[in-house]
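Note sheet for the following structure.
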Amino acid sequence: MPARGRAPAIVARRAVLPLWIAVVSTLLPGCGAEPPPIGVLLPKSAVWGREAEQGLRLAYDELPEEGRPVLREADSGGTTQGAIDGFQMLVRSGATVVLGPFSTDTCIGTGVVADDLRVPFVSPSATAAVVTRDSDYALRVCYSDDEVARGLAAFATEDLELTRVALLVDLSRTYALGLAECFTDELARRHGRIVAEIGFWPDDEDLGDTLDRLVAVVDPETPKDEASVQAVFVAGFGRDIVPMLRGATDKRVEALVLLGADGWNGAELRQLIPGRVAAAYHTSHFSIEEQDPAVARFDAAYRARYGEAPSDMAALVYDAARVIFSVYDPRADGVMLRTRLRSVRRFGGVTGEIDLDFSGEPVGKSIVLEQIHDPGQPGFVRRL
Amino acid sequence: MMIEPPDDTTMPPGGSGQAGTPAEDPLPRVLRELSAVIDSGRRIDTAEYLQRYPDLSPRLKEFFKTQGVDGLSTDGPALPPGSTLDDYRVIGEIGRGGMGYVYEAEQLSLKRHVALKVLPSGALRNQKAVDRFRREATAVARLSHPRIVAVHGFAQSGNSAYLSMELVAGLDLAAIVDRLRSARTHGRRFVLISGPDRDGDIAEWARGHRLIGTMPGDPHTEDGVVIDLRNYAHMAAAFGADAADALRHAHAHGIIHRDIKPSNLLLGADGRIKLSDFGLAKSVKDLSLTKTGDFVGSPAYVSPEQAASRRKKVDERSDIYSLGVTLYEFLTLHQPFAGKDVADVLRKIITTDPPPPSRLNPRIPRDLETIVVKAIEKDPAKRYQSAEEFGDDLRRFLNYEPITARPLGPLGRLARSVRRNRVAWRASVLGAAVMLAVALVLASTTNVFGARQVQTPPELVLDDPMQSALIALFNDLAAGIPDKERYQRIFAVTEQAQATLHEGDLVKLDAMLASLDAQIQLSSMAAVDAKLLQSTLRSIKVGAVRALHLAVESGQAQTASGERQLLGAIERLLGDADPLVCKNAAYALGDLGRPSSLGAMLDALAHRSDVSGRRAIIAALARLDQQGAVPYLAELVEDPEPAVRYAALEALLSLDPVDLELTLGGFADDGELWIRDRRERALAARGRD
């Protein structure tokens, strides 16, 4: 998955979206045959389900009232089975295109069904390369893990001039494996290399000495007066290194640079990092600090409506919904809509410009790089 | 009963294959060829040889006679389909061999299909052959057992003599072993062992077919039985237990088979084994002492006492030995005693010890190896004393119970070595004494003579509810039940696996996952179900590796045997289709650093095709730190995937062999500049270039 594949235990069941969709559906001027709906496959129990709903609602309400498509919702429950069931239900109810599912695992299962039913889906946030590679009807608006890993490797070697990196791999997630491999390859192509690797499971109780073990590695090719490990790439979620940071006692850890992809937004992590390591960089889909007019408009509209700043997920769903709305035609079937989606070019998304290619990938989508500073300081560095 | 002359015998009939060259006596070459066939345990089509070498006919017949290969198929034409023989109408030939032809036939009066073994008319002149036929009929007539091919009757009619027998549609074990060898040679993992031989990808073919999996006890289906070459120890044990049951019954009725070998074990359509061909059987009361030189049986499988033929008593334990050799060959795909001719084979049977089965196939569980080794002890007194004991131990293995057989300790191996090499022993009494002392010290410190503390996992019996649930699941998936019910079944199975993991029943979980893996690959379930199941099993497998890793690391296994079993479970998951599972298994094995895992890791590396899995194994080989991996890693310089070549280069640098520069030589010409640069920079940094 990326990013948000795991549904936390906290269940935020809200009836807002179904109620809202029901109202919209009822009020929709309909004469003759009902137009086919747009399916929405949300993991309602996920903690970010509310953010996704808000992003979708904002995009929908920006459409002209006349001719708004019908939305039909299903709850994936955050599981592969739930996503497959929900997708099939949506298609049975006439949906010709679906927004969601969200995680890599749910998208892989759904992709098989979508190929069978010939109905495309657009995932806002499934970042594994395999999602669009294995299904002809899967598309996404987010960048892929491969691009993140390559971008970070390039940043490490070119901007930071680091060549000796240790790898921390979350052994419980396919997501982490893909990240680790792409990062290793790109680093090697740029004359850097992995000098040590430690695998971990996030729920291990004895992760405290992990960073100490990494800085103790002696690399035979490193001059004796230099540190063998200059940086650590975390192939996993940023939050997983919290216990490692807490448990580190070796002073050499303070010289490390941390590099990572998603899941670095936790308050605890952000409080821990300053002062414990030399620097920490991570990628993101979206930054409100970015000086971009479209982002500023979205940020303002979102805050005005919901009273809070938009999250990555809200922005991604907002973009995915607008991409679908831009191609939707009630006369088109799933195959035709897939063709239209594959033809989306230079779409101005708040998460970056979206150019969908034949495989459903947003080609060359830019990646936001952020640095974690002391709380309150801006984190946006640049787009990769 | 197929006729399978060696592949290199394709010269024209009657010729030596050396036209234009001075006449060379072809007899030695032909005899070598025949010996090879005999050694392999396969049948010889004597008629074909006599036709091909008419000039050698008298000497070949003599050879057949002395080797116990009766020249019985030399006369008389085969019965064409539709012809009748008394009450039987021939449907078609299903085999032929030294004892004649075997046909599928319909018994007209009873409207049943039978196998008809017909003695050629010319052979009727050979009273020995007729006696053998009659002996088989009378011996089996006293037996009635589901694991023994039933003989309905014997008749001599005019110029024919024939046996009417139960029809077993499947292959014999010799043909199955041939298929396994061929699959191994071609790098195929799954092998269809019933029906027509298939060269292609069985997993691909199997889609749309309903198959019996690799666990015994699966329900009967019509399309076939499949063996997973990486995971068929349980099937082998089940086959052995079936054959042992048949022998127990025969022995209880005072009958010694005397010719147990792969070609006499037939695989029925139900996936169970039936014992056939009692043509050499003798009643215990008739056995007394065999006459000097009166050698019977197939050379590769005869017991030492049969091979010696020196007035040694041949009893039930000879059959146990032959069944042990048969299992040895099935598990390792090697015969324990190979020789250049029959005499050489017999000499080795009497004088040498075969290599331990696990040396030829590291996937053989330690307990099963111990059982097989005990069955093929040279001294009958050290073998299982009855087929019942043998079968019971095989069933204990199948049920994950402690077996009664004990592996030979270092002292036992030493004693055996001394016994076999008396001359050398006499020449170095002092050295032997030192070795003995060392062995005793070793034995006293490693508790090899004490009772083994096998960690007994929960019982996994064939009618285990979990196993039944799995079988029901896959049958239902193949039958196309509604989605909701199908998913419920999938998740029920997943929950059972999860529960098994939480209970810590790691060995049981491994067996369950192995069965599931084979079924997922081979069943005809929809792609979405396979994806769903694989996805739901992923976290369980990752959890299993983690638990196994911890169990080995913390010494929970207590014994070397227990640890090997746990390591074997991790090693099996190296071959999992999911790269994340492979990564976990590889990481665990690299972290544990057990040298014994090297073979399994190299094997998995050779068999995987995905880049993720291969690079994970390569990285683990570097952590394992065994120089034995160096040549295999160096070969990867030819790999088409740059990421794999790069991983191999890094692993070699980590292993740092003595001849590092030489080992890395191939990478100097790599098509990727960054790989070439990495090599140069690494060597320069180490001051070696």
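Observations on the structure shown:
- From the list A:Ala332, A:Ala304, A:Ala314, A:Ala320, the lone residue that is among the small types (Gly, Ala, Ser) and in contact with a Phe, Trp or Tyr (Cβ under 9 Å, 6 or more places away or on another chain) is A:Ala314.
- A:Phe155 satisfies every condition listed in (1) within 13 Å of chain B (Cβ to nearest Cβ); (2) assigned to a helix (DSSP H, G or I) except (1).
- Index of the failed condition, B:Glu650 passing every other in (1) assigned to a helix (DSSP H, G or I); (2) open to solvent by 30 Å² or more (accessible area, probe 1.4 Å); (3) over 18 Å from B:Asp670 (Cβ atoms): (3)
- One residue stands out among those in segment B:552-571 that are buried (at least 21 other Cβ atoms within 10 Å of the Cβ) and among the aliphatic types (A, V, I, L, M): the one that is nearest to the other protein chains (Cβ to nearest Cβ), which is B:Ile570.
- Among all positions in segment B:658-672, there is no residue which is touching a Lys or Arg at 6+ places or on another chain (Cβ under 8 Å) and closer than 24 Å to B:Asp591 by Cβ.
- Cβ separations smaller than 6 Å between residues 6+ apart or across chains give the following pairs from segment A:189-207 residues that are facing chain B (nearest Cβ under 9 Å) and within 17 Å of A:Leu177 (Cα to Cα) to residues that are surrounded by 16 or more Cβ atoms within 10 Å (Cβ to Cβ) and of a type in the set (Gly, Ala, Ser): A:Trp201/A:Ser172.
- Qualifying residue in segment A:70-86 (condition: in contact with a Gly (Cβ under 7 Å, 6 or more places away or on another chain), open to solvent by 30 Å² or more (accessible area, probe 1.4 Å) and either away from every other protein chain (no Cβ under 14 Å) or under 20 Å from A:Ala315 (Cβ atoms) (or both)): yes
- Number of residues in segment A:259-308 that are crowded, with 17+ Cβ neighbours inside 10 Å, of a type in the set (A, V, I, L, M, F, W, C) and assigned to a helix (DSSP H, G or I): the value is 4.
- Any chance A:Ser125 is at pLDDT 90 or above and of a type in the set (Ser, Thr, Tyr): yes
- Of all residues in segment B:572-597, those that are in contact with a Lys or Arg (Cβ under 7 Å, 6 or more places away or on another chain), within 13 Å of another protein chain (Cβ to nearest Cβ) and not in a helix (DSSP H, G or I) total 2.
- Those residues of segment B:622-637 which are open to solvent by less than 30 Å² (accessible area, probe 1.4 Å) and within 28 Å of the chain's Cα centre (by Cα), in sequence order: B:Ala629
- Evaluation of A:Arg118 against (1) on the phi > 0 side of the Ramachandran plot; (2) basic (Lys, Arg); (3) in contact with a strand residue (DSSP E or B) (Cβ under 9 Å, 6 or more places away or on another chain) (one fails), failing number: (3)
- Of the residues making up segment A:170-186, those that are more than 8 Å from every other protein chain (Cβ to nearest Cβ), in contact with a Lys or Arg (Cβ under 8 Å, 6 or more places away or on another chain) and either more than 21 Å from B:Glu641 (Cβ to Cβ) or surrounded by fewer than 24 Cβ atoms within 10 Å (Cβ to Cβ) (or both) are A:Cys182, A:Glu186.
- The set of residues in segment B:247-258 that are open to solvent by less than 10 Å² (accessible area, probe 1.4 Å) and part of a loop (DSSP other than H, G, I, E, B) contains only B:His257.
- Scanning segment B:327-356 for residues that are farther than 28 Å from B:Phe64 by Cβ and loosely packed, with under 15 Cβ neighbours inside 10 Å yields one hit, B:Pro355.
- Taken together, the residues in segment B:658-689 that are under 26 Å from B:Gly628 (Cβ atoms), surrounded by fewer than 14 Cβ atoms within 10 Å (Cβ to Cβ) and within 14 Å of another protein chain (Cβ to nearest Cβ) amount to 1.
The values are calculated or read from the model by the stated rules, or taken from the named source; none is laboratory data. The structure presented is a predicted model; accordingly, all values stated were derived computationally and were not measured. Reconstructed Cβ throughout: ideal geometry from the backbone, glycine too, with neighbour counts over all protein chains shown. Only protein heavy atoms, including side chains, enter the accessible area calculation; ligands, DNA and RNA are left aside. Shrake-Rupley method; radii C 1.70, N 1.55, O 1.52, S 1.80 Å.
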